[in-house]
Amino acid sequence: MDTYGYSYNNPNRMSLAVLGNQSLDELQSFVIKSFKEVQNKKLKKSKYPSDPYGESKRKTICYHVPVNESRQLTINWVIPDHRELYYCKPESYLSHLIGHQGDGSLSSYLKTLGLAIELIAGESHSAPDFNFFSIDIQLTIEGLNQWERVLYSVYQYLAMLRIEGPKEWIFNEGKNINQMEFQFEEKGQLRYIVSSLAGGMRVYLINELLNEYLIPSKMRVFLTSKEFLSIAREKEKWYGTQYKQEYLSEELIKQYETCEINCELYLPIPNKFIPTDFQLFSKEKNLTRPQIPTKIKLSISGFNHKIKELLNLIIDHMINIKVEVEKFEIIKEKVKQSLQFFRRCVPSAMANSGLTYLTAEYDWNNNELLSCLDDITMHDVESFIARVLKRFYIDSLMYGNLTKNQAIEYMTLVEQKFQEKSFYQPLFPSMWFNQRELILPDGCNYAYTMFNDAYKLNAIVIYLQCFQETLENNALLGLFSYLLWRSCGVQGFSVTVQSTRELGYINQRIELFIDSIRNYISTMSDELFKKQREVPLEAEIIKTLERDDLLRFYDHYISPHSIYRRKLSVHVNSSSFALQMQTNETDTVENKDELTDIIHGESSSIINEEDVAVTTETSHETIQSTETENILAKQEIDLPEFERIDNVYI
């Protein structure tokens, strides 16, 4: 580490961003005081090759086997570093058009053919002097079988873009949207703001990209599917990913270079929903957003100028919805893949999903949903649409920059449109659906176990349920520490940890941390306590809270020693499949050709052996930190035995 720091860390290679309430002079003095002793070795700027792979890695295709049930085609090109062209952003222009989802788009065309489920395109900044531009296409089973046709369609779309050339009106649309978002951007978390500023301080031609770089002779293709298990004989060094790499035929390259223009692929029409009127109807700076339970939720957000037109268009599509066979099968396959992937997602995400499943009055887990999916037909969906739109209850929430009369006007518009089609009949009040969270019994210590098929990692989420949601309770829990605000109406304190450690050990460390909180609150100086009350959440109410209010709350709901504490833990363990997979990867013989050398951007989210990743959920932010075993002394706390459950019952 010392050698690395001496060789690479130097002031002329670093950037610093500082944000604070102090004056510029004060901030500058802080920086000078903190960094004036740092020696400037005047190292030369790092140089990178303009093409990190070279000719030998072009015109190749790599088949590799994923952990999950995905089927994907990725086309990757090395392009110049365009960050100095921040004022025109050519890569954003191309990303917008290639990733467009509307009529005439590549995505829409491939979905109509039943070949693709999803398509995204964009640039990734890797190092000074070069970048990557990629098109990622999630394929259907048929799309995987016809991947050459999918690739041909990609080059047909790029050929159309070359002929059309850059359009000023498309560029201006992107410019206006970015300008709007910047002008009205909400206040973000300070650590993200300074990190972004520091990273962007070090730097910043459409035809050039299309004609010289996004061409068949400079592409690298990656096909992802478990179906390649039989041909993927090689394994990369670090994670044991199975793959096979070979060159694309010159005949195929020539075919893509001379592809015909496809009349079904064309530029998008102008976006009529970009607002130009930013008049404010309300001067309130902070609007509280209440939560309304619904079975089908339609959310529209953005600037109010064109929101009525957008709402009108969406309701028209809902009323006149038609199910097409090809799109039905694509959507069904996409849902199935998502459900199958659940046991292979990050363990901490599984744990939090399990918490929602256990505490909601009505919820279904992924296995339950998956067991029903194969039997659903297009006729079932058509019947369901007719049934659900015939009689329903509308619950609406409109907030932001609009008047009461406008809100009533929008709601009336929705009702009238359904009534015109003879759809809308009010649902009887006794049939209204109210999503609720189950209240755990006092003194409970439940534990629910799940298994993960992809990671040799464990995860635990500890949820301490507190009380019904009120403004006062929000303020109390918010001041206590990190606020977990659930839409069901019951609040709690939640800690999520992901680690290679055993769950019993992790549970002990969490409880030791929770047990130490009382002493921290009790010994906190009056000055620091008053400063903690200066948080923006329900500020006036928080200012009325005293230290004793916090301690009473802690002693009743949070303390490990409280007989009233309601604890629910979700444990995620590595399944036997994941453990066996990791064992096989450990025994992998190093190969001469490493997949890490040919696939850009592949990385693992596995945490270091000695690290414990901690996430504390709050209503306003997710704060993550890395804690090692040395944070807390090696001690233990007496804890009751878990009561193992398979569900939470009413």
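The values are calculated or read from the model by the stated rules, or taken from the named source; none is laboratory data. Since this is a predicted model, take the numbers as computed values, not measurements. Note that we place each Cβ from the backbone using ideal geometry, even for glycine, and neighbour counts take in every protein chain shown.
The table that follows gives values for the structure above.
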| item | result |
| --- | --- |
| Among the residues listed as Leu545, Leu512, the single one being surrounded by 12 or more Cβ atoms within 10 Å (Cβ to Cβ), of a type in the set (A, V, I, L, M) and within 25 Å of Tyr448 (Cα to Cα) | Leu512 |
| Number of positions in region 216-261 that are in a loop (DSSP other than H, G, I, E, B) and aromatic (Phe, Trp, Tyr) | 2 |
| Tabulated pairs, region 163-182, first over 23 Å from Leu265 (Cβ atoms), second of a type in the set (S, T, N, Q) and in a helix (DSSP H, G or I), C-beta under 9 angstrom, 6+ apart or interchain | Asn178/Ser92 |
| Scope region 41-59; condition surrounded by 15 or more Cβ atoms within 10 Å (Cβ to Cβ) and on the phi > 0 side of the Ramachandran plot; matching residues | Lys59 |
| Count of residues meeting criterion [touching a Leu at 6+ places or on another chain (Cβ under 9 Å), surrounded by 15 or more Cβ atoms within 10 Å (Cβ to Cβ) and not hydrophobic (A, V, I, L, M, F, W, C)] in region 324-360 | 6 |
| Given (1) within 26 Å of the chain's Cα centre (by Cα); (2) more than 21 Å from Lys272 (Cα to Cα); (3) loosely packed, with under 13 Cβ neighbours inside 10 Å, index of the condition Ser299 fails | (2) |
| Subset of region 415-430 [modelled with pLDDT of 75 or more and surrounded by fewer than 10 Cβ atoms within 10 Å (Cβ to Cβ)] | Phe428, Pro429, Ser430 |
| Flag if Leu113 is under 24 Å from His96 (Cβ atoms) and either buried (at least 19 other Cβ atoms within 10 Å of the Cβ) or not aliphatic (A, V, I, L, M) (or both) | no |
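Conditions (1) under 22 Å from Gln179 (Cα atoms); (2) assigned by TED's automatic domain parsing to the domain that holds Thr140; (3) among the aliphatic types (A, V, I, L, M); (4) not in a loop (DSSP other than H, G, I, E, B), marked per residue:
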{"site": "Ser46", "(1), (2), (3), (4)": "no, no, no, no"}
{"site": "Cys62", "(1), (2), (3), (4)": "no, yes, no, yes"}
{"site": "Trp77", "(1), (2), (3), (4)": "no, yes, no, yes"}
{"site": "Asp81", "(1), (2), (3), (4)": "no, yes, no, no"}
